[in-house]
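J.: If you scroll down you'll find the structure; I have some questions about it.
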Amino acid sequence: MPFSKLGLSAEILRAISDQGYHEPTPVQAQAIPPILSGLDVMAGAQTGTGKTAGFTWPILQRLKIHSNTSTSPARHPIRALIVAPTRELAMQVEESVRTYGKYLSLKSTVVFGGVNINPQIKELQSGVDMLVATPGRLLDHVQQKTVNLSKVEILVLDEADRMLDMGFLPDIKRILALLPAKRQNLLFSATFSDDIKKLADRLLNKPVLIEVGQSNAAADMVAHVVHPVDHNRKRELLSHIIKSQDLRQVLVFTRTKHGANRLAQQLQRDSIHSTAIHSNKSQPARIQALADFKSGKVRVLVATDIAARGLDIDELPHVVNFELPHVAGDYVHRIGRTGRAGSSGDAISLVCTEEMEQLKDIERFLKFRLPIKIVPGFEPNQKAVHRPSFETHHKAAVHRPGFEPNHKAVHRESRRPGRAQPHAFRREHSNVAQIASATRPPVPHQAPAQKPQHPHVKKSMPALFLPPAKAKHNA
Ligand code: AMP
């Protein structure tokens, strides 16, 4: 579908064209028409799918009639409120609002915690048509009576699952109570736990359900590889990969803040310029770390899941899972930062014996197996391995030289759009598949997600939506 068919004004289309985009992503094509019609929307879409623009463009379009150059605050009441879980995501969403709204005269700002509230108060006082906020700081403004939400016409809850994971449900309920009853509600979430469903029931009125495939366009562009390695040699292997493959702009995930700091320091000692980003760092330090990483000044950014949520780095080529996430869905969030909208990327996972269960969970979640490649010189120590699954796994890989996966072929193939057909993948890469299938129990086949038959009818959750995440994130 061409952009011109979406019903967006010339000003917005011009801003889109300035970005060099050629066509809407699936979530955009599905979400924009109902949002423009004023309907509530519940979208299962993760980062990397183009979801931000999917709600920003139609909101700008709907608010266009209020576009005016007056400096009077009264002419710019908050009409759209976008609530996001983290400062980084909030900043990026507001940056999108400004980018796509640059040919309109609508005002926007962003408020988040960890920084001085006074400049935000000034901005709010000068009038804002679209406000992007994290829940806690928004409530600070409510408390101080420095924000007026009585004119909100459109509410967006972005990455709602993450907000609930972070314990923001009470804050969200308080915010909802402050909004006019008659409004349009848009809820975006990568996963749908029972709590999200409850929230959706309370929030949304006959929502249009939108589901973009589990393996989104971004993920399809990603080449996945798993390197088995002993736990205590992960850092050494990471340095080796970065240096030997001359990787630049590498986003590395650890599970804990402490782990992120330590790894960044160790990489520094290996002469790899690195920095860490996590929620213990001050906001200016996080902004600086991200800017240095984006500009190429820093080669490796080590992040925890929550800190990295929403990071939008154009054409980020490499994501490394130094540790696998506890929650399988976070694997998708992590790799959502690479292979974005048409560019290709690598998702490299360093996996030790202790992480076999997590690896299986991730493969079940993805509905395909991840290619395995042992890096010569980093073969896991089999004597130390007691778990049968990984032991056989290693044996198969190490003792069958003819079955070493062809890394290049795997990369090429797994980048091909539409690759998310596990059986075709397995057939074409029987070398990889034989290692994997000889050693691991089969991943249970799950029926493909059902498409909603009629968008305007409230119905049960699509199969894509997942059961509640059990583990709390450590960020
Ligand atoms: P998001 O899922 O909102 O985090 O967006 C992921 C990335 O896709 C961002 O860098 C956007 O700038 C980019 N993007 C959004 N829409 C399109 C599009 N239609 N074509 C190409 N890139 C896009």
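Throughout, read-outs are computed from the coordinates displayed, never taken from laboratory work. Small disclaimer: the values here were computed from a predicted structure and weren't measured. When we count neighbours, we look across all protein chains shown, and the Cβ atoms used for this are built from the backbone with ideal geometry, even at glycine.
J.: Mean separation of Cα pairs under 8 Å and 6+ residues apart, divided by the residue count of segment 3-212: what relative contact order is that in percent?
T.: Working: 371 pairs, mean separation 59.5, N = 210.
Relative contact order comes out at 28 percent.
J.: Could I ask something else about it? List nothing, just return the count: lysine pairs in segment 189-293, 8 or more apart or interchain, with Cα separation under 27 Å.
T.: Values: K197/K206; K198/K206; K234/K243; K234/K257; K234/K281; K243/K257; K257/K281.
Taking the Cα cut-off of 27 Å, the pair count is 7.
J.: Using only C-alpha positions, report the orientation-averaged shadow area of the convex hull of segment 235-289, nm², one decimal.
T.: The orientation-averaged projected area of the Cα hull of segment 235-289 comes to 3.8 nm².
J.: Under 1.5 on a/c is rounded, so check that first for segment 84-152, then, if it is not, pick prolate when a/b is larger than b/c and oblate when it is not; a ≥ b ≥ c are the square roots of the alpha carbon gyration tensor eigenvalues. Write down the numbers at each step before the final one.
T.: Details: a/c = 1.85, a/b = 1.27, b/c = 1.45.
Because a/c hits 1.5 or more and a/b fails to exceed b/c, segment 84-152 counts as oblate.
J.: What are the ³J(HN,Hα) couplings of segment 66-71, residue after residue, when phi is run through the Karplus curve with 6.51, -1.76, 1.60 and θ = phi - 60°? Round to Hz, x for glycine and proline.
T.: Rounded to whole hertz, the list is 8, 4, 7, 9, 4, 8.
J.: Does segment 1-77 come out rounded, prolate or oblate, given a ≥ b ≥ c as the square roots of the eigenvalues of its C-alpha gyration tensor, rounded meaning a/c under 1.5 and, failing that, prolate meaning a/b above b/c?
T.: On the way: a/c = 2.03, a/b = 1.50, b/c = 1.36.
Prolate, because a/c is 1.5 or more and a/b exceeds b/c.
J.: Additional query: Give me, ordered by chain and number, the residues 5 or more places off I82 or on other chains with an amide H under 5 Å from its own placed amide H.
T.: Result for I82 returns L131, V132, A133, V156.
J.: What shape does segment 3-212 have by the C-alpha gyration tensor, where a ≥ b ≥ c are the square roots of the eigenvalues, rounded means a/c under 1.5, and otherwise prolate means a/b greater than b/c and oblate the rest? Mind dumping the intermediate values first?
T.: Values: a/c = 1.55, a/b = 1.06, b/c = 1.47.
Oblate is the answer for segment 3-212, as a/c is 1.5 or above yet b/c matches or exceeds a/b.
J.: If you don't mind, another one. So who's got an amide H within less than 5 Å of the one on V252, skipping anything under 5 residues away but keeping other chains? H placed 1.01 Å off N, in plane.
T.: L301, V302, A303, V320
J.: Once both labels are modelled 7 Å past Cα along the beta-carbon direction, what's the D270-K102 spacing in nm?
T.: Those two pseudo-labels are separated by 3.9 nm.
J.: Okay, moving on. Which distance in nm do the two modelled labels at S244 and H258 give, with both placed 7 Å along the Cα-to-Cβ direction?
T.: 3.1 nm
J.: Which order do peptides 89-101, 61-73 fall in by mean Cβ count within 10 Å, highest first? Write down the numbers at each step before the final one.
T.: Values: 89-101: 21.7, 61-73: 13.5.
Peptide ranking by packing, descending: 89-101, 61-73.
J.: Can you sort I175, I372 from fewest to most other Cβ atoms within 10 Å of each residue's own Cβ?
T.: Details: I175 21, I372 25.
With the fewest neighbours first, I175, I372 line up as I175, I372.
J.: Starting at the first residue of segment 285-299, write each ³J(HN,Hα) from the Karplus equation 6.51 cos²θ - 1.76 cosθ + 1.60 with θ = phi - 60°, in whole Hz, x for Gly and Pro.
T.: Values, residue by residue: 5, 5, 5, 5, 4, 5, 5, 4, 5, 4, 7, x, 5, 10, 7 Hz.
J.: Here's a follow-up. With θ taken as phi - 60° and the coefficients 6.51, -1.76 and 1.60, list the Karplus ³J(HN,Hα) couplings across segment 350-363 in order, rounded to whole Hz; mark glycine and proline as x.
T.: 9, 10, 9, 3, 5, 9, 4, 5, 5, 4, 5, 4, 5, 5
J.: Using amide H atoms built in the peptide plane, which far-off residues or other-chain residues are under 5 Å from H76 H to H?
T.: none
J.: Ok, one more. What percent do you get for the relative contact order of segment 1-91 when only Cα pairs under 8 Å and 6+ apart count? The partial results should precede the final answer.
T.: Values: 62 pairs, mean separation 23.6, N = 91.
26 percent.
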